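Okay, so here's the structure we're looking at.
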Amino acid sequence: MSLTSYPVSFIAADDAANPCLSCGACCAHFRVSFYCGEVAGPNGGTVPADMVTQLSPLRVCMKGTERGGGRCIALRGQLGRPGIRCAIYEDRPTPCREFDVWMPDGSPNPDCQRLRLALGLPALDRRPEAENDPQGPAPSHPKAA
Ligand code: SF4
Ligand code: SF4
């Protein structure tokens, strides 16, 4: 299990285009670690301080994910079921923003695919064509709490 890959998208226009809305697997698998400057406080960070664990002088991780295989404290709902969501979507840390369902060429992210299959969810198809169009629909309603 990699502890250096990162969750999660929780974005997109609708459930069909956004498989995260009924998944959440990556938020209960990776260690979600990041620079401590992203923690809310005088440095201008956003991640609530009471949701992180200090790993080293400059690194923290989301509580619950310290050892990998644990569920992030900010995850709400039942894994693999509709309604799963991130309680701090707007304030989530960088690794969560960078982990995407699809690769730049539109193929499924293999890590995402693997985690979904392990959860008993259907394999992902290529990204819907409309989503590949740079002028096409943009994420409009984040999966906020
Ligand atoms: S594993 Fe993939 S589909 Fe599931 S929540 Fe994470 S990014 Fe979304
Ligand atoms: S902060 Fe939100 S997006 Fe990031 S791992 Fe936790 S629940 Fe998932």
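The values are calculated or read from the model by the stated rules, or taken from the named source; none is laboratory data. All values reported here derive from a predicted model rather than from experimental measurement. Note that we place each Cβ from the backbone using ideal geometry, even for glycine, and neighbour counts take in every protein chain shown.
Things to note:
- Sole residue being closer than 15 Å to L21 by Cβ and either in contact (Cβ under 8 Å) with a residue 24 or more places away in the chain or buried (at least 18 other Cβ atoms within 10 Å of the Cβ) (or both), chosen from A118, A87: A87
- All positions within the stretch 90-112 that are away from ligand 2 (no atom under 11 Å from the Cβ), exposed (fewer than 13 other Cβ atoms within 10 Å of the Cβ) and at pLDDT 95 or above: P110
- All positions within the stretch 31-55 that are buried (at least 18 other Cβ atoms within 10 Å of the Cβ), in contact (Cβ under 8 Å) with a residue 24 or more places away in the chain and not aromatic (F, W, Y): R31, V32, S33, C36, E38, V47, M51
- Test for R59: is it within 11 Å of ligand 1 (Cβ to nearest atom), touching a helix residue (DSSP H, G or I) at 6+ places or on another chain (Cβ under 9 Å) and either among the small types (G, A, S) or touching a residue at least 24 places away in the same chain (Cβ under 8 Å) (or both): no
- Options L58, L3, L21: the member that is touching a Gly at 6+ places or on another chain (Cβ under 7 Å) and either modelled with pLDDT under 95 or loosely packed, with under 13 Cβ neighbours inside 10 Å (or both): L3
- Hits in the stretch 22-50 (condition: within 16 Å of ligand 1 (Cβ to nearest atom), within 14 Å of M62 (Cα to Cα) and among the small types (G, A, S)): A28
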